[in-house]
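The values are calculated or read from the model by the stated rules, or taken from the named source; none is laboratory data. Quick caveat, the model's predicted, so the values are computed rather than measured. Reconstructed Cβ throughout: ideal geometry from the backbone, glycine too, with neighbour counts over all protein chains shown. We work out accessible area using only protein heavy atoms, side chains counted, and drop any ligands, DNA or RNA first. Shrake-Rupley method; radii C 1.70, N 1.55, O 1.52, S 1.80 Å.
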Amino acid sequence: MTDRFRAGAGRLCLDFIRTLRYRGTPSEEEELPDASAWGAWIDAFGPYAVPVRPASVDDARVAREAIHALLTGSMRPAIRQRLNRFAALPVPAPSLSASGEVRWQAADPASAMLALLTRDALDLVTSPEFARVRRCAGPRCGALFLDTSRPGTRRWCSMEICGNQAKKSTYRAKVH
């Protein structure tokens, strides 16, 4: 996996919507500015053994925003239609290689990845896990993550980044 994209949100669809970093803040940063970045994301998170080179990133951004709307309760009929359209796309199919390894294939790997992401989001919102989706308490972050901690009280998307920044701020406030 590359350091270019953040992982660890607990579900693939949650990692995907984090490609719009610092969503809704003045620091908002698009991590999928072009088809090359979308291909790099698929290479990092997808099931394919070979690099994927999609022709466009437009559908990825549309799917990302529809998934975000679904997960945050901002559904409208047009968004539901987009989700249904992406979920209906063919998904990657497994095949067994001569050496006994499973390889994932799709006629259009980028579209198949959108189907996987959308289906993962639909599965999440209809599962008991959805009650454990949290928004990061980091003041600049706001990323969504799945809280898998036993007590269900996790506050930050990443203890190493957002949690550490919060602890440093608290410490500085006490010292000064």
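Sum -39500 (n - 2.57) across every DSSP H segment of at least 4 residues in the chain, then divide by the residue count to get the 222 nm mean residue ellipticity, nearest 500.
It lands at -12500 deg cm²/dmol.
Counting only GluC sites (Glu not before Pro) that sit in a DSSP loop (anything but H, G, I, E, B) with at most 14 other Cβ atoms within 10 Å, what is the longest stretch of the chain containing none of them?
102-176
Please compute the per residue accessible area over the range 1-49 with all protein chains in place, 1.4 Å probe, rounded to a whole number of Å².
It amounts to 43 Å² per residue over the range 1-49.
Can you tell me the 0 to 90 degree angle between the C-alpha axis of helix 164-175 and the longest principal axis of the chain, rounded to 10?
It works out to around 10 degrees.
Pull out the extension gain between GLN81 and THR25, defined as 0.36 nm times the separation in residues minus the alpha carbon to alpha carbon distance; nm, one decimal.
Separation in residues times 0.36 nm, less the Cα-Cα distance, equals 17.4 nm.
Which Cys in the chain stand alone, with every other cysteine's Cβ at 4.7 Å or more from theirs?
When partners are defined as cysteine Cβ atoms under 4.7 Å apart, the chain leaves CYS13, CYS162 without one.
Quick one: what does P(r) look like for the chain with 10 Å bins over all Cα pairs, in whole %?
Here the calculated profile for the chain is 9, 34, 34, 16, 5, 1, 0.
If contacts are Cα pairs under 8 angstrom and at least 6 residues apart, what is the relative contact order of the range 19-159 in percent?
20 percent
At a 1.4 Å probe radius, carbon and sulfur cover how many percent of the accessible area of the range 47-159?
Taking all protein chains in place, the range 47-159 shows 56 percent carbon and sulfur surface.
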